[in-house]
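**Student:** The structure's right below; bear with me while I get my questions together.
Values quoted throughout were computed directly from the atomic coordinates according to the rules given, and no laboratory measurement underlies them. No experiment lies behind these values; they were computed from the predicted model shown. Glycine also receives a Cβ, built like all others from the backbone with ideal geometry; neighbour counts cover every protein chain displayed.
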Amino acid sequence: MKVCIIGLGYIGFPTACLIGHAGHEAVGVDIDPSIVERLSRGDLPMVNEQGLTALAQGVLESGRLRLGTRAEAADVFIIAVPTPVRHLGQPAGHGVVSDPHTADLSYVEVACRGISPHVRPGNLVILESTVPPRTTEKVVRSALAQAGVDVSAVDFAHAPERVLPGNILYELVHNSRIVGGLTPQASQRAGDFYRTFVQGEVVATDATTAELVKLMENTFRDTNIALANEFARVCEHLEVDVWEAIALANRHPRVQFMHPGPGVGGHCIAVDPYFIIAAAPGLTPLIQTARQINRQMPMHVVELFQALTTGESVGKVAVLGAAYKADVADERESPALQVAGLLANAGYTVVIHDPHVRRFSRPLPDVLSGADAMILLTDHTEYRRLDPSLAAGLMSNRFLLDTRGHLDAARWRAAGFRVMKLGSGK
Ligand code: SAJ
């Protein structure tokens with residue numbers, strides 16, 4: 001089959017590579033020519049994604065994947081573009097909603113306009129982007145109908161991606177996949193298509209269920225992280241160590257707490273719950289509260305830092321980590337950058353280090369040199385190997401705030417640091 005993939009980001013590009021690798025004729029399209037140019041010469045923004053560079057090189061060289069800025073006629077169209085969330089500003093009087101947001105579907109609409117001249121009867125159009133319920137029908141199908149496509153002869157499906165950044169290629173192939181068609185025939189066709197490159201189970205449902213399930217998965221995670229963050233604050237108050245408490249609670253056969261931290265970042269978990277809140281504002285107090293708890297964590301980190309350094313003169317602060325989570329280079333919605341911004345606004349001289357994020361991958365000794373304090377915000381593996389006595393020798397003062405429970409506090413104390421751990425009142 002000839003498959004046209006619209007959007008060459010973190011999902012679209014690896015998916016296009018796999019589709020080409022599976023033997024289809026893949027055409028990857030992005031409206032941004034600089035992205036097409038970079039990917040074409042093998043410069044991938046997705047670092048630390050095992051096997052992707054080699055796979056991309058193979059399919060591009062063999063011609064099984066071509067890249068460009070314009071859609072072309074195909075059998076299957078896949079839309080994998082961003083769906084960011086837009087903050088609506090002041091409370092809009094939606095019952096309990098105190099922080100209204102809405103999905104920005106403009107990229108989906110632009111993608112639909114881009115493919116509309118090429119969609120023919122018998123084609124299959126698949127939306128992979130994470131979207132509010134009913135978008136496949138009300139936005140994608142409607143946009144193509146408005147553009148003059150005979151939509152009664154086209155099959156539409158939503159097939160949400162569920163891969164974990166850092167492990168994209170493996171999960172694209174091995175995760176189970178939900179395909180929700182607007183009709184049973186569309187579900188069947190989309191399922192048959194994914195089975196050509198997915199080894200996990202491919203399960204059919206309707207489009208609205210598929211749209212909601214994707215949002216439920218990320219909301220489950222956000223709500224559980226909020227619970228861990230709430231216990232972190234309870235433990236600080238009760239002079240208990242939340243990391244120890246969680247490890248002990250997780251020994252129960254039916255309890256599995258997530259980890260607290262400086263907040264929830266990334267382009268999915270910090271975004272998707274708002275799509276559900278917007279769809280059912282009066283019915284989602286728990287989801288809304290979870291969002292609020294997680295959004296407040298960067299402010300809480302700054303309060304902890306100020307408590308740790310009360311009465312001390314602190315100038316330079318070394319921030320360890322800019323990425324939104326461990327061992328990735330992605331800074332989108334990163335709580336680390338929010339904390340760094342808050343500290344800079346509070347008058348500190350903030351120097352950020354991140355071994356994976358190009359603009360912050362400066363030598364760590366330069367970052368620590370002359371610093372009064374260090375805040376660990378991303379639990380990159382490299383930071384575990386940091387030598388406390390080396391850091392002590394470089395820094396002017398020795399304050400350490402660990403927001404991820406990542407460092408061995410006893411070792412750092414032995415090297416002369418005053419250490420505080422988020423979630424530990426001990
Ligand atoms: N985090 C915590 N505590 C935890 C786990 C995560 O504070 O115990 C934080 C991370 O540090 C990070 C944020 O949450 O800032 C999100 O990270 P994540 O690893 O939970 O999730 P993502 O955004 O990288 O990927 C999620 C995944 N969803 C689920 O696991 C339900 C992935 O499978 C989805 O495909 C992806 O969202 C997506 O694209 O929707």
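**Student:** What is the calculated FRET efficiency for residue 208 to residue 41, with r their C-beta to C-beta distance and R₀ = 41 Å, to the nearest 0.05?
**Tutor:** Plugging the Cβ-Cβ distance into 1/(1 + (r/R0)^6) gives 0.50.
**Student:** Normalised radius of gyration for segment 1-160, please: alpha carbon Rg relative to 2.2 N^0.38 Å, two decimal places. Intermediate results must be reported in sequence, preceding the final value.
**Tutor:** Details: Rg = 17.0 Å, N = 160, 2.2 N^0.38 = 15.1 Å.
Taking N as the residue count of segment 1-160, the ratio is 1.12.
**Student:** So what is the 222 nm mean residue ellipticity for the chain from helices alone, if each DSSP H run of at least 4 adds -39500 (n - 2.57) and you divide by all residues, rounding to the nearest 500 deg cm²/dmol?
**Tutor:** Computed ellipticity for the chain at 222 nm equals -11500 deg cm²/dmol.
**Student:** Anyone know which of 295, 86, 385 comes out most mobile in the 10 Å Cα GNM of the chain?
**Tutor:** Between 295, 86, 385, it is 385 that shows the largest mean-square fluctuation.
**Student:** Would you list the membrane-span-like helices of the chain, meaning whole DSSP H runs whose alpha-carbon atoms span at least 20 Å along their axis and whose mean Kyte-Doolittle value is at least -0.5?
**Tutor:** Both cut-offs are met by 207-238, 285-308.
**Student:** Using a Gaussian network model of the chain with C-alpha springs under 10 Å, which one of 50, 256, 292 is most mobile by mean-square fluctuation?
**Tutor:** 256
**Student:** In addition: GNM, the chain, Cα, under 10 Å: largest mean-square fluctuation among 61, 137, 109?
**Tutor:** 61
**Student:** Hand me the GluC sites (Glu not before Pro) from segment 308-354 located in a DSSP loop with no more than 15 other Cβ atoms within 10 Å, in residue order please.
**Tutor:** For GluC sites (Glu not before Pro) across segment 308-354 that sit outside H, G, I, E and B with at most 15 neighbouring Cβ atoms in 10 Å, the list reads 312.
**Student:** Still on this structure, please answer the following. Run through segment 175-245 and list the GluC sites (Glu not before Pro) located in a DSSP loop whose Cβ has at most 13 other Cβ atoms within 10 Å.
**Tutor:** Filter output for segment 175-245: 201, 239.
**Student:** List the aspartates and glutamates whose alpha-carbon lies under 13 Å from that of residue 426, not counting same-chain residues fewer than 8 positions away?
**Tutor:** Filter leaves 236, 239, 241, 244.
**Student:** With every atom except the alpha carbons ignored, what do you get for Rg and Dmax of the chain, in angstroms?
**Tutor:** 23.5, 72
**Student:** Which semi-axis lengths, in whole Å and largest first, follow from the square roots of five times the eigenvalues of the Cα gyration tensor of segment 288-376? Please report the intermediate quantities before stating the final value.
**Tutor:** Values: eigenvalues 87, 76, 15 Å².
Over the Cα atoms of segment 288-376, the semi-axes work out to 21, 19, 9 Å.
**Student:** To continue, here is another question. How far is the Cα center of segment 292-340 from the Cα center of segment 196-226, in Å?
**Tutor:** Value for the Cα centre distance between the two parts: 30 Å.
**Student:** Can you spot the lysines whose alpha carbon is less than 28 Å from residue 421's alpha carbon? Ignore those fewer than 8 places along the same chain.
**Tutor:** Result set, ordered by chain and number: 316, 325.
**Student:** Show which lysines lie in cross-link reach of residue 138 when reach means a straight Cα distance below 22 angstrom and same-chain residues fewer than eight apart are skipped.
**Tutor:** 214
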